[in-house]
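A.B. asks: Sending over a structure as structure tokens; questions will come in a sec.
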Amino acid sequence: MIKGATSSKRPPGLLAILGSKIKNLTLIAVLLCLWQYVSVAVLDSTSRVLLPPPTAIFSAAWELLSSGELLRHTRDSLKREVVAFLWATISIPIGIAMGWWRTVDQQLDPLMEMLRPIPPLAWIPLSILWFGIGDAQNQFIIFLGIFFPILLNTINGVKGIELNLIRAARCLGASEGNILWRIVVKAAMPQIVTGIRVGLGVGWMALVAAELVGANSGLGFLINDARTVLRTDYIIVGMATIGMVGLLIDQAIRELGRRLLPWSRVMGR
Amino acid sequence: MSNLTVKNVSKIYPGHSANDEPVLALDRVSFHVEDHEFCSVLGHSGCGKTTLLMMMAGFEDASEGQIMVDGKPIGKPTWQRSIVFQDYALFPWMTVQENISFGLEMKKIPLADRKEVIQKNIQLVGLSGFENRYPHQLSGGMKQRVSIARALAVDPKVLLMDEPFAALDAQNRALMQEEMGRILASSDITQRKTMIMVTHSIDEAVILSDRIVVLTRRPGRVKANVIVNLPRPRVEESPEFIALKRQIRDLIHDEFEIEA
Ligand SMILES: Nc1ncnc2c1ncn2[C@@H]1O[C@H](COP(=O)(O)OP(=O)(O)OP(=O)(O)O)[C@@H](O)[C@H]1O
Ligand SMILES: [Mg+2]
């Protein structure tokens, strides 16, 4: 019965989706044409170096792609983000403990409040002295970017849990351990996933900044390196890649949240 | 299958700050609920009904007096006094089945028996076919059914209900009251649980109760303790029913005059 209902309401065909998407891209297409025109017909050849036309950028993208250079830098950046994220997941148990036990909150909160307002980027000079140039330093900066959004969201998720849910569990015979694992952690999950989304976004921004100054590879390094040789086309390709990868990470987490937490509407469209 | 005694129970909420007056929510409330009895505690909004229920469950301490089950003072919250909350308080990450199963798992009931109990209670509240839905996929009335099934499944001695039908729209409320009446009427009296429901609806109290304890406005005191002897299922149009409703309405007229 339910099967019949879903199959009779099939999703619109691929062509129809593409059609409607293309309509939405009209403004972008116009702007690209305008850009092409200005760059080719209005600017002289010296200033064209600063604003190469879209066609030049596409061919630069092709160059970077086919040489494998773009993929290599993207892979290095992603690897740093992932490693830093894995370290930063320590904020989930810390946040749960801070949200649940008052004494833990009282001890840790002043420390966190002192560290939190320091932007991750302000740690760059110190971290270069500590870790030198390379992966460890980059990961440290990204870690800081990811850590606090997850921590704060986890704490809020735990503290915001409805009192009646805990009471219901308690009067159904749940032990304190069961209440923590089966109720509190579950109830806070949508907010934790939101924290991960925000954290990965902040981390991705911090990553690029960290790579601008403290790396020999990665997308941040790529665009800074291109600057030194005045390859504006490479810079723009790098910037576009950074944006697209950031968007993809966000979409992936949303999709994951939707799959893993089908009962929650936090990841809703 | 237990009796419950509320003896001289008062509740004072301390003020939150120095210049904040303490609130006397309940004032020396006493009544007794027999085995298998369905007792309604009827009172105006803010008269301390939820406070009383939470004290019966063990979530709040009485400032004065004592609450006893089978003559023994109650202790911490336990499945022996399970609650149906006004806002359902279903676990949103659990399906209907899992919500009902939770208390059974906590009681360490083996899987095979668990399945049987779940099935029995799902049938009792008329939710067959919805076992694998999540709470957000259910209507208010259905959520309340799950919440009742969840509280009944752990086989409590006393079932506590906090305005269980108040959040429903008029139609659903009437339906649920009727269903509840059906459950009460059909089950063997010796099988029935002792149930205590707080409510502000005279109709609801008269349809369902064996006993109605009427509280005054804040601070809540016992205004009347009425035994309802009408046969079940109750016929709302019957002269006896209407007479009883009028009796209670008159009895507490001064407490309810603001209500239409
Ligand atoms: N935690 C609390 N601290 C201070 N005062 C409280 C607290 N809980 C309840 N009260 C007060 O005690 C009184 C009784 O509250 P209670 O929630 O028991 O009323 P109620 O009869 O359940 O009302 P309603 O029908 O609106 O649910 C109210 O005046 C309320 O303001
Ligand atoms: Mg209440």
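A.B. asks: Of the residues A:G199, A:G246, A:G195, A:G218, which single one is touching a residue at least 40 places away in the same chain (Cβ under 8 Å) and touching an Asp or Glu at 6+ places or on another chain (Cβ under 9 Å)?
C.D. replies: Numbers: A:G199 fails: touching an Asp or Glu at 6+ places or on another chain (Cβ under 9 Å); A:G246 fails: touching an Asp or Glu at 6+ places or on another chain (Cβ under 9 Å); A:G195 fails: touching an Asp or Glu at 6+ places or on another chain (Cβ under 9 Å).
Among A:G199, A:G246, A:G195, A:G218, only A:G218 is touching a residue at least 40 places away in the same chain (Cβ under 8 Å) and touching an Asp or Glu at 6+ places or on another chain (Cβ under 9 Å).
A.B. asks: I need the strands (runs of 3 or more DSSP E) fully contained in the stretch B:126-236, keeping only those with at least 2 residues that are more than 16 Å from ligand 1 (Cβ to nearest atom).
C.D. replies: Numbers: elements: B:158-162, B:194-199, B:211-215, B:222-227.
Where strands (runs of 3 or more DSSP E) fall fully within the stretch B:126-236 and carry at least 2 residues being more than 16 Å from ligand 1 (Cβ to nearest atom), they are B:158-162, B:194-199, B:222-227.
A.B. asks: In the stretch B:42-87, how many residues are within 15 Å of ligand 1 (Cβ to nearest atom), open to solvent by 20 Å² or more (accessible area, probe 1.4 Å) and either in contact with a helix residue (DSSP H, G or I) (Cβ under 9 Å, 6 or more places away or on another chain) or at the interface with chain A (Cβ under 9 Å from one of its Cβ atoms) (or both)?
C.D. replies: Count: 7.
A.B. asks: Since B:F38 meets every condition but one in (1) more than 14 Å from chain A (Cβ to nearest Cβ); (2) among the aromatic types (F, W, Y); (3) within 16 Å of ligand 1 (Cβ to nearest atom), which condition does it not meet?
C.D. replies: Result: B:F38 fails condition (3) only.
A.B. asks: Test A:A84 against the criterion of being open to solvent by less than 40 Å² (accessible area, probe 1.4 Å) and either closer than 30 Å to B:F102 by Cα or of a type in the set (D, E, K, R) (or both), and give yes or no.
C.D. replies: Working: open to solvent by less than 40 Å² (accessible area, probe 1.4 Å): yes; either closer than 30 Å to B:F102 by Cα or of a type in the set (D, E, K, R) (or both): no.
Here the answer is no, as A:A84 does not meet what is asked.
A.B. asks: Please verify whether B:G140 is open to solvent by 10 Å² or more (accessible area, probe 1.4 Å), closer than 27 Å to B:M56 by Cβ and more than 9 Å from every other protein chain (Cβ to nearest Cβ), treating the condition exactly as stated. Show your work before the answer.
C.D. replies: On the way: open to solvent by 10 Å² or more (accessible area, probe 1.4 Å): yes; closer than 27 Å to B:M56 by Cβ: yes; more than 9 Å from every other protein chain (Cβ to nearest Cβ): yes.
So B:G140 fits the description; yes.
A.B. asks: Further question on the same structure: Find all pairs meeting these conditions: Cβ atoms under 6 angstrom apart; at least six residues apart or on different chains; first residue within the stretch B:215-234 and within 16 Å of ligand 2 (Cβ to nearest atom); second residue of a type in the set (K, R) and not in a loop (DSSP other than H, G, I, E, B).
C.D. replies: Close Cβ pairs (under 6 Å, with a partner that is of a type in the set (K, R) and not in a loop (DSSP other than H, G, I, E, B)) amount to B:T216/B:K223.
A.B. asks: A further question follows. Scan the stretch B:206-222 and give yes if some residue there is open to solvent by 40 Å² or more (accessible area, probe 1.4 Å), touching a Leu at 6+ places or on another chain (Cβ under 9 Å) and over 24 Å from B:T50 (Cβ atoms), otherwise no. Please lay out each step first, then the result.
C.D. replies: First, pick out the residues of the stretch B:206-222 that are open to solvent by 40 Å² or more (accessible area, probe 1.4 Å): B:217-218, B:221-222.
Next, from what is left, pick out any that are touching a Leu at 6+ places or on another chain (Cβ under 9 Å): B:218, B:221-222.
Next, only the ones that are over 24 Å from B:T50 (Cβ atoms) stay: none.
Checked the stretch B:206-222: no residue is open to solvent by 40 Å² or more (accessible area, probe 1.4 Å), touching a Leu at 6+ places or on another chain (Cβ under 9 Å) and over 24 Å from B:T50 (Cβ atoms).
A.B. asks: Moving on. Working only within the stretch B:30-49, note down all residues that are in a strand (DSSP E or B) and more than 15 Å from ligand 2 (Cβ to nearest atom).
C.D. replies: Across the stretch B:30-49, the qualifying residues are B:S30, B:F31, B:H32, B:V33, B:F38, B:C39.
A.B. asks: Among the residues of the stretch B:10-29 satisfying the criterion of being away from ligand 2 (no atom under 16 Å from the Cβ) and in contact (Cβ under 8 Å) with a residue 12 or more places away in the chain, which is most open to solvent (accessible area, probe 1.4 Å)? Reasoning before the result, please.
C.D. replies: We begin by selecting, within the stretch B:10-29, every residue away from ligand 2 (no atom under 16 Å from the Cβ); these are B:10, B:12, B:14-22, B:24, B:27-28.
When the remaining residues are screened for being in contact (Cβ under 8 Å) with a residue 12 or more places away in the chain, the result is B:10, B:12, B:24, B:27-28.
Working: B:S10: 6, B:I12: 81, B:L24: 67, B:D27: 14, B:R28: 140 Å².
Out of the qualifying residues, it is B:R28.
A.B. asks: Additional query: Looking only at residues in the stretch B:97-125 that are part of a loop (DSSP other than H, G, I, E, B) and of a type outside the set (A, V, I, L, M), which one is nearest to the chain's Cα centre (by Cα)?
C.D. replies: Taking the stretch B:97-125 first, the residues part of a loop (DSSP other than H, G, I, E, B) are B:107-110, B:125.
Now narrow it down to the ones that are of a type outside the set (A, V, I, L, M): B:107-108, B:110.
Working: B:K107: 22, B:K108: 26, B:P110: 29 Å.
For the stretch B:97-125, the residue satisfying everything is B:K107.
A.B. asks: Assess whether A:E176 counts as being open to solvent by 30 Å² or more (accessible area, probe 1.4 Å), without any contact (Cβ under 8 Å) to a residue 40 or more places away in the chain and either away from chain B (no Cβ under 14 Å) or in contact with a helix residue (DSSP H, G or I) (Cβ under 8 Å, 6 or more places away or on another chain) (or both). Before the answer, list the steps.
C.D. replies: Details: open to solvent by 30 Å² or more (accessible area, probe 1.4 Å): yes; without any contact (Cβ under 8 Å) to a residue 40 or more places away in the chain: yes; either away from chain B (no Cβ under 14 Å) or in contact with a helix residue (DSSP H, G or I) (Cβ under 8 Å, 6 or more places away or on another chain) (or both): no.
Spelling it out, it is not the case that A:E176 is open to solvent by 30 Å² or more (accessible area, probe 1.4 Å), without any contact (Cβ under 8 Å) to a residue 40 or more places away in the chain and either away from chain B (no Cβ under 14 Å) or in contact with a helix residue (DSSP H, G or I) (Cβ under 8 Å, 6 or more places away or on another chain) (or both).
A.B. asks: Return the residues of the stretch A:35-46 that are loosely packed, with under 11 Cβ neighbours inside 10 Å and either touching a Pro at 6+ places or on another chain (Cβ under 6 Å) or assigned to a helix (DSSP H, G or I) (or both); say none if nothing qualifies. Even if it seems obvious, please write down each step before you answer.
C.D. replies: So in the stretch A:35-46, the residues loosely packed, with under 11 Cβ neighbours inside 10 Å come out as A:41-42, A:44-46.
A:A41, A:V42, A:S45, A:T46 - these are the residues of the stretch A:35-46 that are loosely packed, with under 11 Cβ neighbours inside 10 Å and either touching a Pro at 6+ places or on another chain (Cβ under 6 Å) or assigned to a helix (DSSP H, G or I) (or both).
A.B. asks: Hey, another quick one. Quick check on B:I83: is it under 30 Å from A:A188 (Cβ atoms), in contact (Cβ under 8 Å) with a residue 24 or more places away in the chain and touching a Cys at 6+ places or on another chain (Cβ under 8 Å)? So that I can check it myself, show each step before the final result.
C.D. replies: Details: under 30 Å from A:A188 (Cβ atoms): yes; in contact (Cβ under 8 Å) with a residue 24 or more places away in the chain: yes; touching a Cys at 6+ places or on another chain (Cβ under 8 Å): yes.
Here the answer is yes, as B:I83 does meet what is asked.
A.B. asks: Quick check on the stretch B:105-128. Is at least one of its residues within 11 Å of another protein chain (Cβ to nearest Cβ), under 26 Å from B:L53 (Cβ atoms) and in contact with a Phe, Trp or Tyr (Cβ under 8 Å, 6 or more places away or on another chain)?
C.D. replies: Yes, the stretch B:105-128 contains a residue that is within 11 Å of another protein chain (Cβ to nearest Cβ), under 26 Å from B:L53 (Cβ atoms) and in contact with a Phe, Trp or Tyr (Cβ under 8 Å, 6 or more places away or on another chain).
A.B. asks: Shifting gears a bit: Under 20 Å from the mean Cα position of the chain (by Cα), open to solvent by less than 30 Å² (accessible area, probe 1.4 Å) and more than 11 Å from every other protein chain (Cβ to nearest Cβ), is that true of A:P190?
C.D. replies: Working: under 20 Å from the mean Cα position of the chain (by Cα): yes; open to solvent by less than 30 Å² (accessible area, probe 1.4 Å): yes; more than 11 Å from every other protein chain (Cβ to nearest Cβ): no.
It is false that A:P190 is under 20 Å from the mean Cα position of the chain (by Cα), open to solvent by less than 30 Å² (accessible area, probe 1.4 Å) and more than 11 Å from every other protein chain (Cβ to nearest Cβ).
A.B. asks: When residues of the stretch A:12-34 are filtered for being at pLDDT below 85 and assigned to a helix (DSSP H, G or I), how many remain?
C.D. replies: Residues that pass the stated criteria total 11.
The values are calculated or read from the model by the stated rules, or taken from the named source; none is laboratory data. Not measured: the values here are computed from a predicted model. Reconstructed Cβ throughout: ideal geometry from the backbone, glycine too, with neighbour counts over all protein chains shown. Just so you know, the surface numbers come from the protein's heavy atoms only, side chains and all, with ligands and any DNA or RNA stripped out. Shrake-Rupley method; radii C 1.70, N 1.55, O 1.52, S 1.80 Å.
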